[in-house]
1. Over segment B:163-275, average the accessible area per residue using a 1.4 Å probe and give it in Å², no decimals.
2. Just to confirm the filter: which chymotrypsin sites (Phe, Trp or Tyr not before Pro) across segment B:88-186 are DSSP coil and have at most 15 other Cβ within 10 angstrom of their Cβ?
3. Starting from the Cα gyration tensor of the protein assembly as shown, take the square roots of the eigenvalues, sort them a ≥ b ≥ c, and report rounded, prolate or oblate (rounded when a/c is under 1.5, otherwise prolate if a/b is larger than b/c, else oblate).
4. Mind giving me the nanometre distance, one decimal, between the label points for A:Ile302 and A:Gln185, set 7 Å out from Cα along Cα→Cβ?
5. What residues of segment A:291-309 lie in the reach of a label at A:Thr256, counting those whose backbone N is under 19 Å from a point 7 Å from the Cα along Cα→Cβ?
6. Which residues, if any, in segment A:88-103 lose at least 20 square angstrom of accessible heavy-atom surface (probe 1.4 Å) when the other protein chains sit next to their chain rather than the chain being alone?
7. Is the shape of segment A:1-92 rounded, prolate or oblate, going by the alpha carbon gyration tensor and its root eigenvalues a ≥ b ≥ c, with a/c under 1.5 for rounded and a/b larger than b/c for prolate?
8. What is segment B:91-131 by shape, rounded, prolate or oblate, if you read a ≥ b ≥ c off the alpha carbon gyration tensor as root eigenvalues and call it rounded for a/c under 1.5, prolate for a/b larger than b/c, and oblate otherwise?
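The values are calculated or read from the model by the stated rules, or taken from the named source; none is laboratory data. Since we're looking at a predicted model, the values are computed, not measured. When we count neighbours, we look across all protein chains shown, and the Cβ atoms used for this are built from the backbone with ideal geometry, even at glycine. Surface accessibility is based on the protein's heavy atoms, side chains included, excluding ligands, DNA and RNA. Shrake-Rupley method; radii C 1.70, N 1.55, O 1.52, S 1.80 Å.
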Amino acid sequence: MTIIEAQGLRKEFSVRVKTGRLRRETRRVAAVDGIDLAVERGEMLGYIGPNGAGKSTTLKMLTGVLYPSGGRVRVCGFEPVPQRIELARRIGVVFGQRSQLWWDLPLGDSFELLRHVYRVHAGDHAERLSRCRRLLELDAFLDTPVRQLSLGQRMRGELTAALLHGPEVLFLDEPTIGLDVVSKQAVRAFIGSLGASGDTTLVLTTHDLADIERLCRRLVVIDHGRVVHDGSLEDLHQRYRSQRRVVVDLDEPLATPLVLPGVSVESTAAGGRRVTYTLDGDAITAGDLVRRLTEGARLRDISILEPSIEDVVARLYTERSVSR
Amino acid sequence: MAALMIGGAGERLAAYGHLVRAQVRSQAQYRTSLVVDVVGSVAFGVLDVVTVIVFFRVTSDLAGFSFPEVFLMTTLTSCAFSLADLCVGNVERLRFFVRTGLFDAVLVRPLGTLVQLLAMDIAPRRVGRVVLGVALVVTAAVHAHVPASPAHIALLVVTPLAGAVIFSSIFVATSSVTFWWIESGEFGNALTYGGHDFASYPLNIYGAALRRIFAYGLGFAFVAYYPTLSLLGRTDPLGAPAFLGYASPLIALFTAGVAALFWRLGIRHYRSTGS
């Protein structure tokens, strides 16, 4: 069942631009420029893009915060802005930079208040809270006022706050931003366990691609307000012909440079005794390369570097901006 | 505003109640400042009426109205204003919520936006001024010999409530300007504090242009002036019909509707902030 549907979704802002010493012009700028998206129940979707690509704006239109300038959008069967209150009961939202918690009150009080705000049955509430307390280890700071919590503790509180009413869709906007390694792992593991149960649909925006690798099977990349990729991580590698790299250490520099279709030298070091080759797509395997090398030289060590998602995405972003 | 406030059952009201209590608990964390604030707010309430007393030390009549009559107008206005300030005055904090993008958090909760904002930011210190306002209205009514008939007493009770709704509407409508222009504080203050001063005195001391805008355009004539005429059985020197003294609740409903419209339009116009 499709739980999030968007067709031709747009959001324009008017921006005043300085055009002369005193003159200013108002221009319409499309932050989101016609996005189509369909997310099935239980999916875990990574939504990424460079700064200013329109990630947060999309998320805000899906959650009923911003009114779209054009297009159609349905979340859980509701139109987000006109049916904001009905929708709010069914979704959970964590904005990394904005707190849902009561600043001056103990963390536990916020959870109790949210029970009333969302009108959650006391039994369900207690059950979900105890699960979060266990998995996110909240007990140590449940009685601490929110303003005294560390960022990592607060984020664990925010996640709990977003889940106490049992949302069908959980929107996470930069949930790991600014967290230390340990907190990051705790938050990731928790989100992963949520997704694994399959009841909650997850939409995650992030700059930390490790979040995506760990959590999301599907990846939507947007840039300049448009979808530039929608598919699995493997699709992305394939489409952008991600290159594996083979680094070899030789006893002596090669007498004659190796010429093979699909192989190019990226760099040489240590007087030619360390060579980094890049392999182009499926044209050749690392095995073939190594076999050819051993014919003419003695290999000391080899290592194969898998393509990193950062590289692919960086390439994707730069290609797009060049093509504009 | 009416439409935003109604529309929920008792459960929703209970949720707002919890929000208000949470806010009171939050404020109680800073106890000394709470005490200072209460004292300050009562002092402001006293200043309101002292002005009128000072006036009448130099003159015995103000455009045909005696001290007890004007005093009743002033206290009714002050009571209405302090009630509006208690319930809705913190809507001016909207500016902060919009500027910082905290308003996003308000929008993703399943409660009305305005009521949520008010409940989350209610200022309990302002209760002192309301209590003072009620006491002064009673004193002024006795002093002006308002007849103790059921109709007069009902009018005396309803007037500050309707006045409070009128002031609240102005508070809400001017605050929603924030959705378009983020820094818009002074504009709102001119209408609310200006309206408060305007409503405290008889209409016939003002020029026609000012009367047209403040008294009729914004409804401030219905906060105290017309009801006071009816309470005292006086005719309007400007020739308005007597039934206007009972029209305040209707005017209040109307201004509340207009304020709600402004608010709704404003929310559609909300831009949020980056990421």
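1. Ligands and nucleic acids excluded, the figure is 44 Å² per residue.
2. In loop regions of segment B:88-186 (DSSP not H, G, I, E or B), the sparsely surrounded chymotrypsin sites (Phe, Trp or Tyr not before Pro) are B:Trp180, B:Trp181.
3. prolate
4. Between A:Ile302 and A:Gln185, the label points sit 3.2 nm apart.
5. A:291-299
6. Listed in order, they are A:Ala88, A:Phe95, A:Gln97, A:Arg98, A:Ser99, A:Gln100, A:Trp102.
7. Prolate, because a/c is 1.5 or more and a/b exceeds b/c.
8. oblate
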